[in-house]
Amino acid sequence: WDRFRAGPQFVERHMTLLERTTRQILVDLYQALIAPIAHLLGNGAQGSNGNHVPKLVIVPHGLLHQAPFHAFDDGAGPLLQRFEISYAPSATIWQLCRQQPTRPLDAALIMGVPDPNIPAVETEVNTIARYFPQGEVHLDGAATRQTLIQAASHSGLLHLACHGLFRADNPLFSALKLHDGWLNAAELAQLDLRGARIVLSACESGRSRVIGGDELIGLARAAFSAGANTVVVSQWLVHDATGASLMAHWYAQLARGHSPAAALRLAQLAVQKEKPHPYYWAAFVVMGCG
């Protein structure tokens, strides 16, 4: 994905090559990791609009925690076309998330900090706010650390749209940029998010460092440590406008009654039609109780 840092002109000029080489990598990953067990998974949904889409919960190991399994390609299309996919740091955490009571989603806290590099954050926040008329909305100067800390304990949904930073050298200092400063993973873990759904709409919010015992350290782990039962995070740098579009599609599907994982599947398939390269549509994943 680093090639997308070279700027829109480079990407536009080389998109055909980028799509071809990326797809070959995803096909190779499918053949190495999914094909040997494909007979155990069944055929999945027949087409992207299948009414009965099997659920697939992926618990990776080691470096595979950063692999976009949902984008792995069997030659006919990504795995996401046939399965509703969610992830979990471990089977134990997945089970605990499923057992935990969920807070009411109408108690939503929606925060965004736009700037010249991520102007679509404002549109993203305003679009999402329409689905939660009773929720709290804090944009730009109102989206502060103190506001988050005070409201977190009674929010069923926490949506943060802002800059994200992954610190590979010290993942506990991976952070989200609010108006008055950075909120790091160690601080996020101290919030009371029991039973809440957390959406970290920021770059690399789902990246983690894997330590002994296959333990993950990063923002996603911090959210689970704080008690969240569903966490939506990104695996790489997020394209601003496309990320906002994906979130709009996702919340629209949630409003229709779909689960977080089912809604994300439909949202990603919709964005894929407009932006076929996985860099655009496959960045986000649902972890925990999908």
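The values are calculated or read from the model by the stated rules, or taken from the named source; none is laboratory data. For clarity, every value in this text was computed on a predicted model and none was experimentally measured. Because the Cβ atoms are built from the backbone with ideal geometry, glycine has one as well, and the counts that use them run over all protein chains shown.
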Item to check | Residues satisfying the stated conditions in the range 96-125, i.e. more than 17 Å from Leu254 (Cβ to Cβ), part of a helix (DSSP H, G or I) and modelled with pLDDT of 95 or more | outcome: Ala120, Val121, Glu122, Thr123
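Give Ser245, Ser259 a once-over and let me know the one that is among the hydroxyl-bearing types (Ser, Thr, Tyr) and touching a strand residue (DSSP E or B) at 6+ places or on another chain (Cβ under 8 Å).
On inspection, the qualifying residue turns out to be Ser259.
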Next on the checklist: I'd like the residue in the range 172-207 that is basic (Lys, Arg) and in a strand (DSSP E or B) and, out of all such residues, is farthest from Ala67 (Cα to Cα).
Outcome noted: Lys177
Checklist entry - Does Gly227 qualify as being part of a loop (DSSP other than H, G, I, E, B) and in contact (Cβ under 8 Å) with a residue 24 or more places away in the chain? => result yes
Checklist entry - Of the residues Gly257, Gly290, which single one is within 17 Å of Tyr87 (Cα to Cα) and assigned to a loop (DSSP other than H, G, I, E, B)? => result Gly290
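So which of Ala175, Ala142 is under 25 Å from Leu216 (Cα atoms) and in the same structural domain as Gly243 (by TED's automatic domain parsing)? Working first, answer last.
Numbers: Ala142 fails: under 25 Å from Leu216 (Cα atoms).
From the options Ala175, Ala142, the qualifying one is Ala175.
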Item to check | Subset tally (residues that are surrounded by fewer than 17 Cβ atoms within 10 Å (Cβ to Cβ), out of contact with any helix residue (DSSP H, G or I) (no Cβ under 9 Å at 6 or more places or on another chain) and not small (Gly, Ala, Ser)) for the range 121-153 | outcome: 5
Item to check | Only one of Val210, Val238 that is assigned to a strand (DSSP E or B), touching a strand residue (DSSP E or B) at 6+ places or on another chain (Cβ under 8 Å) and either assigned by TED's automatic domain parsing to the domain that holds Ala185 or under 21 Å from Thr102 (Cβ atoms) (or both) | outcome: Val210
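Quick grid of which residues meet (1) free of Cβ contacts under 8 Å to residues at least 40 places away in the same chain; (2) more than 24 Å from Arg265 (Cα to Cα); (3) outside the structural domain of Ala226 (by TED's automatic domain parsing):
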residue: Ser90; (1), (2), (3): no, no, yes
residue: Ala120; (1), (2), (3): no, no, no
residue: Val137; (1), (2), (3): yes, yes, no
residue: Ser155; (1), (2), (3): no, yes, no
residue: Arg167; (1), (2), (3): yes, yes, no
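Has the range 52-59 got any residue that is over 18 Å from Leu269 (Cα atoms), of a type in the set (Lys, Arg) and modelled with pLDDT of 90 or more?
No, there is no match, as no residue in the range 52-59 is over 18 Å from Leu269 (Cα atoms), of a type in the set (Lys, Arg) and modelled with pLDDT of 90 or more.
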